[in-house]
Amino acid sequence: MPISKGAATFSVITGALIIALWSILFATGQVSGIVEEPLSYVFHLASETVTAALLLVCGLVGLRQSAQARRLFYFAGGMLLLAAAGMVVFYVVHWSLPFVVLGIVVAALTLLFLRRNYSVRSDAVYLALGTILYLQFNVLGNLLQMGDAITAAYVGVSALLTLPVTLLLLTRPL
């Protein structure tokens, strides 16, 4: 079953806006701490890039009404939902109301499109896997940055186990 054209359009627009947002933040020198915490930023930017790319792909495939877009939509939606929640937390701590509002709007729209397109239980599995992998990647970067090699190893191993399961489920649906 394909995702709605609205969900596909939301995915394309959101994926493009993630890339635009990070480009603007870098161009205007608003990415503070990257020199002090390079590992954290590398892992975070990688997860943001993957989220944006998957949103663009699932949106474009979804606009053609392909059933293949469904799994990617829920996987990328899980990543986006956690990214938006993290954005809210980060910008509440850093007292930036416009970005707090943006994060809340993105999270709310994501939940709206996820809910409206939800039809089978496997959608929730893909959503959870996207959330888990986004979380694992960001936590791994932070742990490596802090020098906590033991905990980073556990998170790294869990990500290495989660990734092939995810790829298997994305290629062979439940």
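What does the charge count near GLY6 come to, summing +1 for each Lys or Arg and -1 for each Asp or Glu among other residues with Cβ under 13 Å from its Cβ? After counting each charged neighbour, the total is +3. For the chain, the longest principal axis of the alpha carbon atoms and the long axis of helix 97-117 meet at an angle near 30°.
For the chain, the share of accessible area belonging to carbon and sulfur comes to 76 percent (1.4 Å probe, ligands and nucleic acids excluded).
Only Cα pairs under 8 Å and 6+ residues apart enter the sum, and on that basis the relative contact order of the chain stands at 27 percent. Ordered by solvent-accessible area of protein heavy atoms (1.4 Å probe), largest first, the residues LEU160, LEU133, LEU82 come out as LEU160, LEU82, LEU133. For region 30-104, the solvent-accessible area with a 1.4 angstrom probe is 50 square angstrom per residue. Computed from Cα positions, the angle between helix 121-146 and the longest principal axis of the chain comes to roughly 10 degrees. What you get for the chain, charging only the Cβ of Lys and Arg (+1) and of Asp and Glu (-1), is a dipole of about 880 debye around the Cα centre.
The values are calculated or read from the model by the stated rules, or taken from the named source; none is laboratory data. All of these numbers come straight from a predicted model, not from anything done at the bench. Here Cβ is always computed from backbone atoms with ideal geometry, including for glycine, and neighbour counts include all displayed protein chains. Please note that ligands, DNA and RNA were not included when accessible areas were found on the heavy atoms of the full protein model with its side chains. Shrake-Rupley method; radii C 1.70, N 1.55, O 1.52, S 1.80 Å.
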